[in-house]
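Peer 1: Following this message is one structure expressed as structure tokens.
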Amino acid sequence: SHWITQSPSSMVLASFLVPNKNNSAAITVLKFPGQTGGLLQNVNRWLQQLELEPIQLSQLNQYVQNGKTSNYTFQHVTITNTNIQKGMIVFIIRDKNYSWFFKMFGDLEVVVSEKSNFTNFINSVKLP
């Protein structure tokens, strides 16, 4: 893959830069204990990061889909803002103790073109 490994930080378990011509996206892997704030609060925070208005609980299904890999069930969130040409894809995997967030955020062109590679990455994940 053409992802470039970056140094993780205290909260980030893994980090990658995804370059594409003059644009890029960042992929981060984070782990938090429990349910971490709830899905609606997380989606509203991500909408705000993309300069979009918050939503109500009844609108959550516009952004969230459920899915599964051979190893896990997950929630999949896709948010785009064509006005600023930015996008985000987040996979949330929960086990009995933690919520794992796999987030790709960056230039919309890169997020769209890397969606299948990112999905393949999620399908290969084996949590400890």
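Peer 1: Using Cα-Cα distances under 8 Å and only pairs 6 or more residues apart, what relative contact order does the chain have, in percent?
Peer 2: Computed over the chain, the figure is 23 percent.
Peer 1: How much length is gained on full extension from Gln48 to Ala14, taking 0.36 nm per residue of separation minus their Cα-Cα distance?
Peer 2: In short, 9.9 nm is gained.
Peer 1: Leaving out same-chain residues fewer than 8 places away, which lysines sit with a Cα under 24 Å from that of Lys68?
Peer 2: Lys31, Lys96, Lys103, Lys115, Lys126
Peer 1: Using the Karplus curve 6.51 cos²θ - 1.76 cosθ + 1.60 with θ = phi - 60°, work out ³J(HN,Hα) for each residue of the range 63-79 in order, rounded to whole Hz, and write x for Gly and Pro.
Peer 2: 10, 10, 10, 9, x, 8, 9, 5, 10, 8, 9, 8, 10, 10, 10, 10, 9
Peer 1: What whole number of Å gives the distance from the Cα centroid of the range 94-128 to the Cα centroid of the range 1-63?
Peer 2: When both Cα centres are located, 9 Å separates them.
Peer 1: Let me ask something additional. First select every other residue whose beta carbon is under 11 angstrom from the beta carbon of Val12; then total the charges, Lys and Arg +1, Asp and Glu -1.
Peer 2: Net of charged neighbours comes to +2.
Peer 1: Pick from Lys21, Lys86, Lys68: which residue has the top mean-square fluctuation in a GNM of the chain where Cα pairs under 10 Å get a spring?
Peer 2: For the chain, modelled as a Gaussian network with Cα springs under 10 Å, the answer is Lys21.
Peer 1: Tell me, what % of the accessible area of the range 51-128 is carbon and sulfur with a 1.4 angstrom probe?
Peer 2: 48 percent
Peer 1: Considering only protein heavy atoms, what per residue accessible area in square angstrom results for the range 22-105 with a 1.4 angstrom probe?
Peer 2: Here the per-residue accessible area is 55 Å².
The values are calculated or read from the model by the stated rules, or taken from the named source; none is laboratory data. A quick note: this is a predicted structure, and the numbers were derived from the prediction, not measured. Glycine also receives a Cβ, built like all others from the backbone with ideal geometry; neighbour counts cover every protein chain displayed. We work out accessible area using only protein heavy atoms, side chains counted, and drop any ligands, DNA or RNA first. Shrake-Rupley method; radii C 1.70, N 1.55, O 1.52, S 1.80 Å.
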